[in-house]
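**Q** Pasting in a structure now, in structure tokens, and then I'll have a few things to ask.
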Amino acid sequence: MEHGFSLGPTPLERLNRARADLRIGLPVVLSGAALAVAVETLGPERLAALRGLGPLTLALTSWRAETLKARVYDNDLARIAVPEEADLGWLRALADPADDLRMPMKGPLTSRRDGDPGLARAAIALAKSAQLLPAALLVPLTGPAPEGLTALDAAEVLREIAAESVLAPVAAARVPMRAAEKGRLHIFRPDDGGEEHYAVEIGSPPRDKPVLARLHSACFTGDVLGSLKCDCGPQLDAALTQMGHEGAGVLLYLNQEGRGIGLANKMRAYSLQDQGFDTVEANHRLGFEDDERDFRIGAALLKKLGFRSVRLLTNNPAKVRMLEANGIAVAERVPLKAGLSRHNAAYLATKAAKSGHIL
């Protein structure tokens, strides 16, 4: 019997496979026209093999290119011609800003301006979505691609990464907590192969009234280690405590560590902060935007749980705008004052000045 559904991978499944490949240093094939590999995980043997295929191009975001004083001809990215004598150390020095202050001169750098930047744009997007440094090495393909590599269409990659992921409920169970004995934890899994997200429901909040809600991005250092560099841990505790006092609420714990750049890159940003850069500047030097999180996830989870209106615990007006833009009414913004210390005063001041937080 013939079936209409293919057993082969969908574009979204190929995308998830490509992320895994990049994280272990494997190249992927883009539009049958180029091989792309993440600089962070590239090894010397594969670099030598790639060099044998043709001229190499290093794709960097415009933020990273600006730090390196490289010309940007493609708005959001730069394509740097890799010299024949350049080794892996040279590539990693351009990708990772850890030693920028010690070795500020890395050029002269020649930016390419011919051809379509779409392949480089897809390669950078893939590296970002794999939570690697946003730097990718590309080499054109003049013959068939090596066997066994994941092949993707570059335009399709950008569409799939930009698309909103579909979240499916996986499991839920009662979890009594210090903040409230009547608690329930819901687990949701995205269809793009990304990390699962959690909803902590306190009490039995009615679905026809605004629920006290908090969108909390995962923070291993603050939530688990009690780091004093941020206010995340105290905010998490304060939000759950307030929900416990009111007897009802929902806290969404979104696995978007470090404003969506992942824990490893967050630690890189912390290291840059120790060199004197603020949190936004550190992200930019790494090649990331101020905030790489997908706030649509929070709205989708609320809808899955049956909520259409919230009293939002937040100091960030962007979260209010995001929820309302995605079909969740915000009846009230409830300030969340917690966690200010001498260790994070400058960090919180930057959030207020550059990210619009109301503190």
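The values are calculated or read from the model by the stated rules, or taken from the named source; none is laboratory data. A quick note: this is a predicted structure, and the numbers were derived from the prediction, not measured. Cβ sites come from the backbone with ideal geometry, for glycine too, and all protein chains shown count toward neighbours. In case anyone asks, the SASA skips ligands and DNA or RNA and just uses the protein heavy atoms, side chains included. Shrake-Rupley method; radii C 1.70, N 1.55, O 1.52, S 1.80 Å.
**Q** Please determine whether any residue of segment 17-38 is open to solvent by 10 Å² or more (accessible area, probe 1.4 Å), in contact with a Phe, Trp or Tyr (Cβ under 8 Å, 6 or more places away or on another chain) and in a helix (DSSP H, G or I).
**A** no
**Q** Looking at segment 257-271 only, could you name the residues that are crowded, with 22+ Cβ neighbours inside 10 Å and either over 27 Å from TYR198 (Cα atoms) or hydrophobic (A, V, I, L, M, F, W, C) (or both)?
**A** ILE261, ALA269 - these are the residues of segment 257-271 that are crowded, with 22+ Cβ neighbours inside 10 Å and either over 27 Å from TYR198 (Cα atoms) or hydrophobic (A, V, I, L, M, F, W, C) (or both).
**Q** Are any residues in segment 123-167 touching a strand residue (DSSP E or B) at 6+ places or on another chain (Cβ under 6 Å), assigned to a loop (DSSP other than H, G, I, E, B), small (Gly, Ala, Ser) and under 18 Å from ARG293 (Cα atoms), and if so, which ones?
**A** Passing the criteria: only SER165.
**Q** Let me ask something else about it. Within segment 286-340, take every residue that is β-branched (Val, Ile, Thr) and closer than 24 Å to ALA172 by Cβ and give me the one that is surrounded by the fewest Cβ atoms within 10 Å (Cβ to Cβ).
**A** From segment 286-340, those β-branched (Val, Ile, Thr) are 297, 310, 314, 320, 328, 330, 334; that's our starting set.
Subsequent filtering for residues that are closer than 24 Å to ALA172 by Cβ retains 297, 310, 328.
On the way: ILE297: 24, VAL310: 30, ILE328: 22.
Here the answer is ILE328.
**Q** Within the bounds of segment 101-115, is there any residue that is open to solvent by less than 70 Å² (accessible area, probe 1.4 Å), touching a helix residue (DSSP H, G or I) at 6+ places or on another chain (Cβ under 7 Å) and either small (Gly, Ala, Ser) or not in a loop (DSSP other than H, G, I, E, B) (or both)?
**A** no
**Q** Can you say whether LEU60 is buried (at least 20 other Cβ atoms within 10 Å of the Cβ) and in contact (Cβ under 8 Å) with a residue 40 or more places away in the chain, as far as the supplied structure shows? Break it down into steps so the answer makes sense when it comes.
**A** Working: buried (at least 20 other Cβ atoms within 10 Å of the Cβ): yes; in contact (Cβ under 8 Å) with a residue 40 or more places away in the chain: yes.
Answer is yes for this residue.
**Q** With ALA154, ALA168, ALA179, ALA136 as the choices, which residue is in contact with a Ser or Thr (Cβ under 7 Å, 6 or more places away or on another chain), open to solvent by less than 70 Å² (accessible area, probe 1.4 Å) and modelled with pLDDT of 95 or more?
**A** On the way: ALA168 fails: in contact with a Ser or Thr (Cβ under 7 Å, 6 or more places away or on another chain); ALA179 fails: modelled with pLDDT of 95 or more; ALA136 fails: in contact with a Ser or Thr (Cβ under 7 Å, 6 or more places away or on another chain).
Answer to the selection: ALA154.
**Q** Right, something else. If a residue must be modelled with pLDDT under 95 and in a helix (DSSP H, G or I), how many such residues does segment 299-315 contain?
**A** The total comes to 0.
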